[in-house]
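Where a number appears in this text, it was derived from the coordinates with a stated rule and is not lab data. Please read all numbers here as calculations on a predicted model, not as lab measurements. Using ideal geometry, Cβ is built from the backbone for each residue, glycine included, and neighbour counts are taken over all protein chains shown.
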Amino acid sequence: MRVWSSIVLLVTVFGFTGICGSSTIDWRLSSALLPDPSLHSDALRGISTGGGLDQGTARPRELTPESRLLLIRYVDGEFAKAVAPLPRGKKGIKIIAGKPLDTKILQDTLRLGGGTAVSPGETVQITKIEFRGHQIAIEVNGGPKKHFHLGEHLQIGIGDVPASSAPASHPDEGIGATIIVDYGRPVPDMSPDNLKHDLSVLLDFSKQHSAAVNWVETLPPEFQQAIRDHKAIVGMDHEMVIAALGRPDRKVRERDPDGNETEDWIYGTPPDKTVFVTFLGDKVIRVKEFN
């Protein structure tokens with residue numbers, strides 16, 4: 001048993017393959033050292049399945065592409081209520097995932113960053129999500145940066161008339177904020193609710209409806225029901241049809257006998273079930289289904 005204890009200790013410290021030197025085990029040597037075959041089998045089973053290790057300390061897997069898409073789909077565009085002031089400034093406010101809000105850092109950022117972009121109690125909207133290795137950057141209300149507009153930097157002159165450029169008219173730009181969630185390691189895999197929880201030291205999502213839900217609830221009852229049934233009906237616009245059926249497989253444009261240009265959105269391929277949704281402008285004028 002003293003030999004067996006030494007082997008178990010070596011396996012624990014150096015790892016299974018470190019002792020063997022390869023994935024092939026010299027079973028004759030193992031049998032000579034271990035008179036109890038059943039004990040040997042149990043030990044190998046424990047090593048191969050991670051037995052004896054603290055599973056809570058295992059490194060979580062990194063964010064998957066599928067989870068990243070879900071975060072963009074279900075967090076980007078959502079509304080929340082600010083529970084603390086959000087500072088202006090291009091650097092934003094950094095919070096550590098899973099840690100309480102450092103109020104001193106927040107106050108210093110407010111003082112040095114140009115003041116408050118969002119006050120506590122205000123409703124805000126997530127307008128952009130950016131993944132940065134160990135961090136996730138969240139833009140609120142358009143973020144703190146003003147966007148580049150080419151037309152405002154072009155000057156037009158005719159003859160002796162002085163050149164002029166288009167006036168800037170974007171009062172809502174550059175008044176938002178950026179929240180940076182730092183994980184201290186590659187961003188781990190997570191759900192939209194996990195990210196909302198990490199943001200909860202600054203934003204409260206609990207009493208806000210989803211942006212998508214708010215939009216659907218504003219529609220007439222017949223359109224709400226059609227979207228729930230995944231059907232297109234006459235009178236819908238493009239957004240409603242996408243909400244009900246998704247984006248079409250093909251689009252075909254043609255003119256009707258009166259000379260009006262129509263567009264068919266086609267879902268499916270014959271001989272399978274195929275749905276033709278015909279638009280005149282932005283409105284559905286006809287829906288045909290072929291089985």
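Just a few scattered comments:
- Strands (runs of 3 or more DSSP E) contained entirely in the stretch 172-291, each with at least 3 residues that are within 23 Å of the chain's Cα centre (by Cα): 177-182
- Contact map, the stretch 216-242: residues that are free of Cβ contacts under 8 Å to residues at least 12 places away in the same chain paired with residues that are assigned to a helix (DSSP H, G or I) and surrounded by fewer than 19 Cβ atoms within 10 Å (Cβ to Cβ), Cβ distance under 7 Å, separation 6+ or inter-chain. Pairs shown: Gln224/Val216.
- Criterion violated by Arg255 - all others in (1) touching a residue at least 24 places away in the same chain (Cβ under 8 Å); (2) over 29 Å from Pro192 (Cβ atoms) satisfied: (1)
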